[in-house]
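Handing you this structure, nothing more for now.
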Amino acid sequence: MSIKPAVPCLMLLAAMAGPAAAEPLPDTIAAPGETVVLSVHAEGAQVYECKAGTDGKLAWAFREPIATLLAEGKTIGRHYAGPNWELADGSAVVGKAIGNAPGATPADIPWLKLEVASRRGSGVLTPVTTVQRINTHGGKLDGACDKAGEFKSAPYSAEYVFLKKG
């Protein structure tokens, strides 16, 4: 029988308290009656692809996020296309956007409310029903693109709050 060290679990538990919101969240992304399971900081990039729009003109289209999930300065997981959030404990959720609110500046990607569409593994994220992306900084890519199929990324950071009903 192997015994796994409790340190990763302790780090996750320490991260659960997370920063308290200074102001109420916009109604479009609020989750009344839900409680915080985990709150983490994310650092990464929003990846865009140069594509022809419905008007035939080339423009940057969002493709996927790539981010590291951090708690107390330590990497505890990752965020990637799906959108997926996966922790080092093996638990993961996939979300579906159901609400949004503008970021603080025009350069910031929107705040989001996502419902959990599926989950896998067992761990901290197992009971999660809702994910909020708040306090975004950066991530938007503006300007023209010249060549279809070209990729560019825009650095971003955000807080992801994982909630459960009840």
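Quick note: the coordinates plus some simple rules give every number you see, no bench work behind them. Predicted model only: the values in this text are computed from it and were never measured. All Cβ positions, even for glycine, are placed from backbone atoms using ideal geometry, and neighbour counts span all protein chains on display.
For Cα Rg over 2.2 N^0.38 Å, the listed values are [x] 1.00; [y] 1.11; [z] 1.28; which was obtained by calculation from the structure presented?
Recomputing Cα Rg over 2.2 N^0.38 Å here gives the entry labelled [y].
Continuing with the same structure: What residue among Lys140, Lys57, Lys96 has the largest mean-square fluctuation in a Gaussian network model of the chain, using Cα springs under 10 Å?
Greatest mean-square fluctuation among the candidates belongs to Lys57.
Now for a separate question. Number of Lys-Lys pairs in the chain under 17 Å by Cα, sequence gap 8 or more or different chains?
Lysine pair count for the chain: 10.
How much net charge surrounds His137 when only the other residues with a Cβ under 11 Å from the Cβ of His137 are counted, with Lys and Arg +1 and Asp and Glu -1?
Neighbour charge sum, excluding His137 itself: -2.
For the residue pair Thr54 and Thr126, what label-to-label distance in nm results when each label sits 7 Å from Cα along the Cα-to-beta-carbon direction?
Inter-label distance under the simple model: 4.4 nm.
Which net charge results for the neighbourhood of Val93, defined as the other residues with beta-carbon distances under 9 angstrom from its beta-carbon, given Lys and Arg at +1 and Asp and Glu at -1?
That sum, taken over residues with Cβ under 9 Å, equals +1.
Write down, largest first, the equivalent ellipsoid semi-axes of region 47-92 in whole Å, where each equals the square root of 5 times an eigenvalue of the alpha-carbon gyration tensor.
32, 11, 5
With only Lys, Arg, Asp and Glu charged, each at its Cβ (+1 for the first two, -1 for the last two), find how big the charge dipole of region 55-166 is about the Cα centre; round to the nearest 20 debye.
Value, rounded to 20: 320 debye.
Under 17 Å from the 7 Å Cα→Cβ point of Ala117, by amide nitrogen: which residues of region 135-149?
What the label zone holds, given the 17 Å backbone N cut-off, is no residue at all.
Can you tell which of Val37, Asn135, Ala107 lies farthest toward the positive end of the dipole of the chain, using +1 and -1 charges on the Cβ of basic and acidic side chains (Lys, Arg; Asp, Glu)?
Val37
Where does each of 69-77, 24-32 land if you order them by average Cβ count within 10 Å, highest first?
Ranked from most to least packed, the peptides come out as 69-77, 24-32.
How far apart, in nm, are two points set 7 Å out from the Cα along the Cα-to-Cβ line at Glu150 and at Thr75?
3.0
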